[in-house]
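Report on one structure; see the data block that follows.
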Amino acid sequence: MPLITTLPNPVKSNRVVQALALAALGCVWLLDLGVVQPNRIVSGTGYGLYASTGWLGTGAVISLLVVVFVLATRPAQKRFQVVAVVLTVALMTLPLLLEVLARRQLPEDSGYARIGVGAGFWSLAFLLALMLLETLGQLKASRRFQLSTVLLIVAGWWLCASREGLSSLALIREYSNRSDQFFQALTVHLSLSLGAVAISAMLAFALAVAMVKRERMRRPLLGLVSFMQTIPSLALFGLLIAPLGALSDAFPFLQTLGIRGIGWAPALLALIAYSLLPMVRNTYVALMEVPESVVDAGRGMGMNERQIFRQVKLPLALPVIIEGVRITTIQAIGLTAVAALIGAGGFGTFIFQGLGQAAMDLVLLGALPTVFLALAADAILSALKFQETSK
Amino acid sequence: MIELKSVTRRFGDAVAVDDIDLTVETGEVCVLVGSSGCGKSTTLRMINRLLPRTSGEILVDGEDINKADPEALRLNMGYAIQSTGLFPHWTVARNIGVVPDLLKWPAGKRDERVDELLILLGLDPETDAIKYPHQLSGGQAQRVGVARALAGDPNILLMDEPFGALDAITRENLQQEMLRIQRQLNKTTVFVTHDIDEALKLATRIAVMDKGKIIQHDTPEEILRRPASAFVENLIGKGDRGLKLLALRSVGELMERYPQPRKREPNADGLKEADSLRFALSVMVWKNASRLPVNSEAGEEVGTVTREQLLQGGA
């Protein structure tokens, strides 16, 4: 009993954080933290934690993991709070390890030499993030608190990346060679995927309402949107080239709008087609699942059909509709990367260029922002859904 | 006043309501009772036009309901159902205020009305008003359902097994509340139930329905004394008919009243004027008493009632 009273908000005992800390120790022991490349194509030499950062860095990383391991042995609110702070700071400053590597191992005379991020660094970052997640979960941290932690870490990485010491990082080299293209790609990527989601959201809403009103429309409409979903994305992008090309040949004014067989037009159409199924299905199911008794009561109270739809059905269906938008947005952000193959632009351009030149860091320059955009969309729309559900 | 004149409702080939005539006088509680599928809910839902009738006429205060706009008609008819149908995304206060909002009452008047109804239904305007339906117990949710039905101050109240899903004690409480509210408000009420005891307790007149027809339409006492058919006799239960009759009358009607109220002896056993004869008999059997004093609401002893009186004059 006295033990419990000393823990005002008892944290459940578990070994997750400790197991992750051990795994992290193993990773930094076995895997290369970073790679020094003489230029962008040659694969370069890998360096482990000690070779990269010397006694100071190695000591810092190992003592961090040991401290977290020890603090996590006895579950207590206060100890977990300390662990959360330590992990957050560690994650924020993690890129400094690469900076130390650059300072120690990078040949000074070579303008092409660069630092590649090794498997050890990624694993360490990933495992630290998992530990932080588990700790925040144990602390039952609020969504707002979790979000600010993520923002702090992102800000930390941003600050580290903008330091002079890390300018030799391969990823940053690739970025600084193409910073104009990068922001153009960001704009194109966002406007293509979000534009497709917005248009298909409106279309899907209309289709779902039509299906709710006329039961006969349900099977053919759902069949059609499901069929579109089954076409492989590359094939759909390809299939649209011929008809759009023919269309723009026949109507020259379309060309002035930029509508051609390749480019943004077929990409947008394909993205809309893919976005329809999850959105139509979720909207339809959400509207159909509003309890009949609630609608009956609304009607019995004297609401007209319009009021029932606006005040009862729509608000009750909204969380599930937002869930559809969330799934669709994540999917569209990923698919937009593929759309680079038909000349639509976006981050996919870097990925396919990098693959063509066997320059993995260029691939990362396209892939990482795509992943980041998808995660951000997921976080924002989940928060929105959570807010709607808890109302 | 609600009048149904040879009203029929078919679903395809099936006849749900078969050529019924029914008059509900202003201020009376008409209970439609019968087993499930007998057409009682269908009848109720035709009155506020949630279901169209196949043929016949339904008049409210002499006007055919089909002449009015259905929404306007329903705004003047409170509607409470078994599953409550509370809007899960709205607070209790907003749920109750839905009809005043539809009627475009000013916010101040609406809020006053909501508070008044919360108090009338035994809910707390401070704490309960801001709750969401999923935070309420079954009985509370049903109270809110009834409050919502009363909110627009309608002339007519339609209730479709509102207490059907509640446990016996909560149901009993809510029936008492209904009786109290009805004495206060005198709404013309059509109440659907399958529970004959609930019908006997609440009704001014009962309409017994079977297979879409009204078998008997009469006061609870007449239904008990002179059931029109074997079906009605079965429904009211032959075995405890006498006790059910006793339940209809109060001690105050039968007791021997003193010329002057007397001071009550402290701690003496006693009945209240409003207690039913059935309750009085039960107390006498339990206490093996042949005579019990009767107290008024004010706590004075106003008469006595004997076991003989109950047995001879009760039923």
Practice task
Within the set of other residues whose C-beta is less than 13 Å from the C-beta of A:Val285, count the net charge using Lys and Arg as +1 and Asp and Glu as -1.
Solution key: +1
Fill in the blank from the handout: If R0 = 25 Å, then B:Lys211 and B:Ala168, at their Cβ-Cβ distance, give a FRET efficiency to the nearest 0.05 of 0.30
Exercise for the section: Springs between alpha-carbon atoms under 10 Å, Gaussian network over chain B: tell me which of B:Asn267, B:Asn186, B:Asn48 tops the mean-square fluctuations. Expected result: B:Asn267
Problem - Relative contact order [Cα under 8 Å, 6+ residues apart], chain B, whole percent - result: 19
Practice task
Return the loop-located trypsin sites (Lys or Arg not before Pro) in segment B:237-269 (DSSP other than H, G, I, E, B) with at most 16 other Cβ atoms within 10 Å of their own Cβ; answer none if there are none.
Solution key: B:Lys238, B:Lys263, B:Arg264
Exercise for the section: Please state the charge dipole magnitude for the protein assembly as shown, taken about the Cα centre, from unit charges on C-beta atoms (+1 on K and R, -1 on D and E), reported in debye and rounded to the nearest 20. Expected result: 1320
Problem - CD proxy at 222 nm, helix term only [per DSSP H run n ≥ 4: -39500 (n - 2.57); per residue of chain B; nearest 500] - result: -10500 deg cm²/dmol
Exercise for the section: From other protein chains only, count the Cβ atoms within 10 Å of every residue's Cβ in B:90-96, then give the mean. Expected result: 1
Practice task
Output the antiparallel fraction of DSSP beta bridges having both residues in the protein assembly as shown, as a percent to the nearest 5.
Solution key: 60
Practice task
Within segment B:240-255, which residues have the backbone N less than 14 Å from the label spot 7 Å out from B:Ser296 along Cα→beta-carbon, could you tell me?
Solution key: B:252
Exercise for the section: Give, rounded to the nearest 20 debye, the magnitude of the charge dipole that segment A:233-391 has about its Cα centre when Lys and Arg contribute +1 at Cβ and Asp and Glu contribute -1 at Cβ. Expected result: 260
Handout entry: Cα convex hull of segment A:2-170, projected area averaged across orientations, nm²
Key = 10.2
Practice task
Would you please put A:135-144, A:23-32 in order of how densely packed they are, using the mean number of other Cβ atoms within 10 angstrom per residue and starting with the highest?
Solution key: A:23-32, A:135-144
Fill in the blank from the handout: Mean per-residue count of partner chain Cβ within 10 Å for A:292-298 equals 6
Fill in the blank from the handout: Env charge @ A:Gly324, Cβ radius under 15 Å, K,R +1 / D,E -1, value -1
Problem - Distance (nanometres) between label positions extended 7 Å along Cα→Cβ at B:Ala268 and B:Asp64 - result: 6.5
Handout entry: Label zone at B:Leu185, where the point sits 7 Å out along the Cα-to-Cβ direction: segment B:203-217 residues whose backbone N lies under 13 Å
Key = none
Fill in the blank from the handout: Mean separation of Cα contacts under 8 Å (at least 6 apart) over the residue count of chain A, i.e. the relative contact order in percent, is 15
Handout entry: Spin-label model distance (nm) - A:Val16 vs A:Leu234, 7 Å beyond Cα toward Cβ
Key = 3.8
Practice task
Round to a whole angstrom and tell me the spacing of the C-alpha centers of segment B:129-148 and segment A:22-95.
Solution key: 55
Completion exercise
Contour minus Cα-Cα span, A:Asn177 to A:Gln77, at 0.36 nm per residue, comes to 31.3 nm
Practice task
In whole angstrom, note down how far apart the Cα centers of segment B:223-302 and segment A:114-166 are.
Solution key: 78
Problem - Alpha-carbon centroids, segment B:63-92 and segment A:234-251: separation in whole Å - result: 54
Practice task
Provide, for q = 0.13, 0.15, 0.22, 0.23 Å⁻¹, the log10 of I(q)/I(0) from a solvent-free Debye sum over equal Cα point scatterers in segment A:139-243.
Solution key: -0.87, -0.95, -1.18, -1.22
Problem - For segment B:136-199: Kirkwood Rh in Å [reciprocal of mean 1/r, alpha carbons] - result: 12.1
Handout entry: Neighbourhood net charge (14 Å Cβ-Cβ; Lys/Arg +1, Asp/Glu -1) for A:Ala23
Key = 0
Exercise for the section: Note the full-extension length gain between A:Arg144 and A:Met202 as 0.36 nm times their separation in residues minus their Cα-Cα distance, in nm to one decimal. Expected result: 17.9 nm
Exercise for the section: Work the Kirkwood hydrodynamic radius out for chain A: mean of 1/r over every pair of different alpha-carbon atoms, inverted, in Å. Expected result: 24.5
Fill in the blank from the handout: In Å, the C-alpha Rg and Dmax of segment A:179-390 are 19.9, 68
Completion exercise
Under 5 Å from the placed amide H of B:Thr188, counting only residues 5+ away or on other chains, we find B:Gly27, B:Leu157
Completion exercise
Taking every alpha carbon pair in the protein assembly as shown and sorting the distances into 20 angstrom bins from 0 up to the bin holding the longest one, the percent per bin comes out as 13, 29, 26, 20, 10, 2, 0
Exercise for the section: Sum -39500 (n - 2.57) across every DSSP H segment of at least 4 residues in chain A, then divide by the residue count to get the 222 nm mean residue ellipticity, nearest 500. Expected result: -24500 deg cm²/dmol
Handout entry: Per DSSP, loop trypsin sites (Lys or Arg not before Pro) in segment A:13-107 with at most 12 further Cβ within 10 Å
Key = A:Arg15
Exercise for the section: Work out the P(r) tail for chain B: percent of alpha carbon pairs separated by more than 27 Å, whole number. Expected result: 51
Handout entry: Relative contact order (%) - criterion: Cα under 8 Å, at least six apart; region: segment A:184-307
Key = 37
Exercise for the section: Tell me the label-point distance for the pair A:Arg219, A:Glu292, using the 7 Å Cα-to-Cβ offset, in nm and rounded to one decimal. Expected result: 2.1
Practice task
Calculate how steeply helix A:348-357 sits against the longest principal axis of the alpha-carbon atoms of chain A, using the helix alpha-carbon long axis, and give the answer as 0 to 90 degrees to the nearest 10.
Solution key: 50
Practice task
Treating the angle as unsigned and between 0 and 90°, give the value, to the nearest 10°, between the Cα long axis of helix B:277-287 and the longest Cα principal axis of chain B.
Solution key: 40
Problem - Helix A:77-93 vs. chain A, principal-axis angle (Cα, 0 to 90°, nearest 10) - result: 90
Exercise for the section: Once you have the Cα-Cα distance between A:Val89 and A:Leu186, take 0.36 nm times their residue separation minus that, and quote the gain in nm to one decimal. Expected result: 32.0 nm
Fill in the blank from the handout: per DSSP, antiparallel bridges as share of beta bridges in chain B, % nearest 5, sits at 55
Fill in the blank from the handout: Which of A:Gln181, A:Gln353, A:Gln307 fluctuates most in a GNM of chain A (C-alpha springs under 10 Å)? That residue is A:Gln307
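Rule-based calculations on the coordinates, nothing more; no lab input. If you're wondering where the values come from, they're calculated on a predicted model, not measured in any experiment. Cβ: placed from backbone, ideal geometry, glycine included. Neighbour counts: every protein chain shown.
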